[in-house]
Amino acid sequence: MAKITKEKSTEETLWESANKLRGSVEPAEYKHVVLGLIFLKFASDKFEDHRKKLLTEGKEKYIEMPDFYNMNNVFFLEEISRWSYIIKNAKQNDIALKIDTALHTIEKDNKVLKGALPDNYFSRIGLDTTKLSSLLDTINKIDTIKDAAQDIVGRVYEYFLSKFALAEGKGKGEFYTPKTIVNLIAELIEPYRGIIYDPACGSGGMFVQSIKFIENHNGNKKEVSIYGQEYTNTTYKLAKMNLAIRGISGNFGEKAADTFGDDQHKDLKADYIMANPPFNQKEWRADYELLTDPRWRGYDVPPTGNANYAWILNMVSKLSENGIAGFLLANGALSGNGTEYEIRKKLIENKLVEAILVLPQNMFYTTNISVTMWIVNHNKKARTVQINDETKHYRDRENEILFMDLRQIGEPFEKKYTQFSGTDIQKIAGTFHTWQCAVETHGVETHGRASLQGNGEYKNTPEYCYSATLDEVRAKDYSLVPSKYIEFVNRDENIDFDEKMRSLQTEMGDLLRAEEKSKQDLLTVFKELGYEIRLLFR
């Protein structure tokens, strides 16, 4: 039987070609080169396409007037900034300088791009001229406007972001949150209209997926406003490019800045907050700093040794009257003593915590620690909300918190990582929305999205979900660890643990003595035996 070869996507093919040209340049540096060129190609394609339209319409006298491009969300490009000029000079020794000049000129001519593009990057990076020339040839293959519905350039940009995050690996790559996690947050908090805010926005993935959520649910992306803040200057530029490439407007503040020390949106009240802030951030403030900051009003000042609760209170302070937030934190924030305990207790008593979801391991490229998703809601009361053609009747959940354990959900990704499938996301979101409310669509009463998929009314499910009352949470001393609430099914009641352990030890001893076993066989069996041993002590 002939072997079936999966056809590579445009993104995969381009990535393989571009990555081969990296040479000795670190991924952390190289990503700004590649993504900057993708943006330049996109901006130029849009410019040339609009220029042709003006000529076709007999408006030759307007083709060099920036306003006639900007009014149509097209960036005006002088001749030295156009892709055709760059390709024409691709073999010249000063091509890096010409690219830097092109990007600088585009930013100068288009105020909306202020602070967005790489600054003298190509001249500094030291990429071999031959490799840079070949990279230009590779990027030149992208037809960014061939199919607007497919969003080719957006797909390529997003794919490259994820691949660079993978390449940078643990301890780096903080600019990117895996797409399936962002999709889940969007499906849970449903950012249909209003202000969306991310206080640690990285490369802007939360905003991109929010807009996709709106489009997928027949909403209007013009009904949302985007606000973000990012500490690292190079990542700040990535975020602005990421949105510009998709024609999305966003306010990232005047500059890259520390959210705590230099808040760029002090008076903001957001309807939706989505965030993946740094986990367990240390020394985020000095002992004497920010003691009277209004963001902590009504709570204790977060401790200097860990910023987890500083991030929570920053987001709580910026939620509108009916605002809802979905964000990620290390599991350590679910329990603990001292100041964090006092803040957590008050958040719970103020009826702000709506749901806690424990995620599977190995979902992040930057860390393998266990991570939790929090849903914080300023309005958990019974209410009726009209969303597009859907009337949602929310139940009163003020005195309840939903706990979900998602550690057994997900599918393999890039060999050592886990991601949620589309079906996984719909199941999780369906459970959450079923718990939240009943839904009436076109006059037909159902009970939440899950019931529309045949899952019926919400019910507590062992090893998956549990709706805890505030009294139950108080009884467990305000711990938000899901395993304290979700029922565990003991499948080992009739197992003789001593006999099972002896059997496993014998099997491992025989294995070690079997010289014919290959190293890979040993590794495989060790993993299987290790899994069985872990089950014994679960």
Out of the residues in region 245-287 that are part of a loop (DSSP other than H, G, I, E, B) and aromatic (Phe, Trp, Tyr), which is nearest to Glu107 (Cα to Cα)? Phe252
Unique match (being without any contact (Cβ under 8 Å) to a residue 24 or more places away in the chain and either in a loop (DSSP other than H, G, I, E, B) or of a type in the set (D, E, K, R) (or both)) among Lys98, Lys141: Lys98
Just one of Leu188, Leu161, Leu243 is at pLDDT 95 or above, aliphatic (A, V, I, L, M) and on the phi < 0 side of the Ramachandran plot; which is it? Leu188
Exactly one of (1) under 20 Å from the mean Cα position of the chain (by Cα); (2) more than 27 Å from Ile211 (Cβ to Cβ); (3) not in a loop (DSSP other than H, G, I, E, B) is unmet by Glu340. Its number? (1)
Identify, by number, the condition in (1) surrounded by fewer than 18 Cβ atoms within 10 Å (Cβ to Cβ); (2) touching an Asp or Glu at 6+ places or on another chain (Cβ under 7 Å); (3) not hydroxyl-bearing (Ser, Thr, Tyr) that Gly126 doesn't meet. (2)
Leu313 vs. criteria assigned to a loop (DSSP other than H, G, I, E, B) and either under 21 Å from Gly205 (Cα atoms) or assigned by TED's automatic domain parsing to the domain that holds Ile369 (or both): no
All positions within region 53-90 that are of a type in the set (Asp, Glu), part of a helix (DSSP H, G or I) and under 24 Å from Ile248 (Cα atoms): Asp67
Note on Ile86: of the conditions (1) within 21 Å of Ser17 (Cβ to Cβ); (2) surrounded by fewer than 21 Cβ atoms within 10 Å (Cβ to Cβ); (3) modelled with pLDDT of 95 or more; (4) aliphatic (A, V, I, L, M), unmet is (2)
With the requirement that a residue be at pLDDT below 90, of a type in the set (Ser, Thr, Tyr) and within 17 Å of Tyr365 (Cβ to Cβ), what does region 7-35 give you? none
So which residues in region 101-138 are hydrophobic (A, V, I, L, M, F, W, C), part of a helix (DSSP H, G or I) and more than 22 Å from Lys20 (Cα to Cα)? Ala102, Leu103, Ile106, Val112, Leu113
Quickly run through region 366-383 and pick out the residues that are surrounded by fewer than 20 Cβ atoms within 10 Å (Cβ to Cβ) and free of Cβ contacts under 8 Å to residues at least 40 places away in the same chain. Lys381, Ala382, Arg383
Looking only at region 279-300, decide whether some residue is under 17 Å from the mean Cα position of the chain (by Cα) and within 25 Å of Leu188 (Cβ to Cβ). yes
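Results for (1) at pLDDT 95 or above; (2) within 15 Å of Ala468 (Cα to Cα); (3) assigned by TED's automatic domain parsing to the domain that holds Asn368; (4) not in a loop (DSSP other than H, G, I, E, B), shown as yes or no for each residue.
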| site | (1), (2), (3), (4) |
| --- | --- |
| Ile401 | yes, yes, yes, yes |
| Arg407 | no, no, yes, no |
| Pro412 | no, no, yes, yes |
| Lys415 | no, no, yes, no |
| Thr418 | no, no, yes, yes |
| Thr423 | yes, no, yes, yes |
| Ala438 | no, no, no, yes |
Residue ID - farthest from Pro360 (Cα to Cα), chosen from residues in region 386-430 that are buried (at least 19 other Cβ atoms within 10 Å of the Cβ) and aromatic (Phe, Trp, Tyr): Phe403
Picking from Asp300, Asp262, Asp258, which residue would you name as being touching a residue at least 24 places away in the same chain (Cβ under 8 Å) and either out of contact with any Ser or Thr (no Cβ under 9 Å at 6 or more places or on another chain) or within 26 Å of Phe364 (Cα to Cα) (or both)? Asp258
Run Glu472 past the list (1) surrounded by 21 or more Cβ atoms within 10 Å (Cβ to Cβ); (2) at pLDDT 95 or above and report the number of the one that doesn't hold. (1)
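The values are calculated or read from the model by the stated rules, or taken from the named source; none is laboratory data. It should be emphasised that the depicted structure is a prediction, and the values quoted were computed from it without experimental measurement. FYI the Cβ positions are ideal-geometry reconstructions off the backbone, even for glycines, and counts take in every protein chain you see.
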